[in-house]
Structures are given as C-alpha cells and as structure tokens.
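Here is the structure we will look at, set down as structure tokens.
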Amino acid sequence: MGDEKLLERIEDSVCRFEKGLEMELLPAALDSAPAKEILQALNMGIEKARRLFKKGEYALPDFLLAIDTYRAGVNFFKNRVADADKAARRVVIGVVEGDVHDMGKNIVAAVLEACGFQVTDLGKNIPGDQFLETIRSARPDILALSTMMSTTLEGMKDIIEQVKRDFPETMILVGGAPFDPDLARRIGADGYAENVITIPDETKRVLTVAREKKLLKDTGP
C-alpha cells in the first residue's frame, strides 16, 4: 500500500472509529511515512469527525468513539516518536472558570503531546488564580486557554492581562467556539487555533515570535 493510501486509511479509521489503527495502520505508516504526515492524518480524521458532529450527522456517542480512537492513535504515535529531550517545550492548558465543556481541550492536549510538548492539563472550570499559580511553578512556554462560552471571555481576558504582566515570557493561545482571529487579537492572545489541523503550525508560529522577541532560548520543538 502506498503512503498516500495508508495515510487516507488512518484518517478514515479515526473518523469512523475503526479497529486496527494501532495494531496495523500506524506501525506500517511509521515504517514508510514521515512522522509529520502521520500526525496530520490523525488530526484530519478527528477534525472530519468534529465537523460531522457539528452538522448533526454524528451523534455524541459517535464523536466520543472517534475521540477515543484518535487518542489511542496519538498515544501510540507519541510513545514511538517522542523526543527524550528534557528541554522540550512546556504547555499549561485548561478550560476557564465558568465552562465545563472539555472535549475540544482534551483533543488539543493530545495533539500538543504528540507534537512533543510537555503538557500540564488542569482540566475544566479552572479559576484564574490556579492558572497563575501553575504558571509560576511550571514556567510554561505556552498557556492554552479554552472556552465554548462567550460569557467567560471577560474572565479569560483578565487571566491574559495578568499573565502578560507577570509572566511576559509565556505565550498565550486561545481556542473555542466564540473565537476568530480578530477576537483572539482583541482579547490579547498571541495566537489562535481554528481547529485541530492548525495547532502544530500555530504553536510553532508563536514560539518563533517569542524567539524573535528574545523571550525564549532557541531550543525545543
């Protein structure tokens, strides 16, 4: 099977929550395809499932099964290609206070881990003080804030302002239903990932911006 067909099957297996992803498709792909393309196929599969769920063509149980398949694939992938470098970039991620929707955040955390980041996942409905305390102790390169509700945006903005003031070396990514690039900019974030597929490139972009500002050492992914 050619690399292109194999990657298409990985994408379809995630979307359709089929068995055999870790046992057959991913081992074969790791022998023949670049790691970046394999991760992209996994990401495209879960993004396709997300769109079907959003359009009402997938019920919630279907989407949850797709998420389980995706995370199993990401864990298999991560455990075999992860860099053992202890200087890997660090990310703190969580859903802000007032919001208990964490499906999207869980997917983003899995993608970041597969990209080689050390991820501290705080969970959902997290108060601002907890984000700040974690940043103080973990010193992450990126803080990723998530919300699905516009009612939490003011609290998120407060967190961003405090992080910018107290931890200017930490770059901030935001994501969730209310966001577009303009809102992300107005709220003070350094970056915004529209969907799963854009996360790897967007994290690299904000880290490049940080390097250019000489806020980070030029190490890590």
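The values are calculated or read from the model by the stated rules, or taken from the named source; none is laboratory data. Everything numeric here is computed off the predicted structure, so don't read it as measured data. Backbone-built Cβ (ideal geometry, glycine too); neighbour counts: all protein chains shown.
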Residue by residue through the range 1-24, note down the ones that are touching a Leu at 6+ places or on another chain (Cβ under 7 Å) and in a helix (DSSP H, G or I).
-> Leu6, Arg9, Ile10, Ser13, Val14
Of those in the range 9-40 that are among the small types (Gly, Ala, Ser) and surrounded by 18 or more Cβ atoms within 10 Å (Cβ to Cβ), the residue farthest from Phe77 (Cα to Cα) is Ser13
Taking Asp190, is it acidic (Asp, Glu), without any contact (Cβ under 8 Å) to a residue 40 or more places away in the chain and closer than 29 Å to Asp68 by Cα?
-> no
State whether the residues of the range 195-205 include one that is buried (at least 22 other Cβ atoms within 10 Å of the Cβ), aliphatic (A, V, I, L, M) and not assigned by the TED database to the domain that holds Glu37.
-> yes
Counting only residues that are closer than 14 Å to Ala114 by Cβ and assigned to a loop (DSSP other than H, G, I, E, B), which one in the range 78-98 is modelled with the lowest pLDDT?
-> Asp83
Does Ala110 satisfy being assigned to a helix (DSSP H, G or I), of a type outside the set (Ser, Thr, Tyr), crowded, with 19+ Cβ neighbours inside 10 Å and not assigned by the TED database to the domain that holds Leu153?
-> no
May I ask you to say which residue of Thr120, Thr203, Thr198 is under 18 Å from the mean Cα position of the chain (by Cα) and outside any helix (DSSP H, G or I)?
-> Thr120
Within the range 181-206, which residues are within 20 Å of Ile159 (Cβ to Cβ) and in contact with a Gly (Cβ under 8 Å, 6 or more places away or on another chain)?
-> Ala184, Tyr192, Ala193, Glu202, Thr203, Val206
Run down Asn75, Asn43 and say which single residue is assigned to a helix (DSSP H, G or I), modelled with pLDDT under 90 and surrounded by 13 or more Cβ atoms within 10 Å (Cβ to Cβ).
-> Asn75
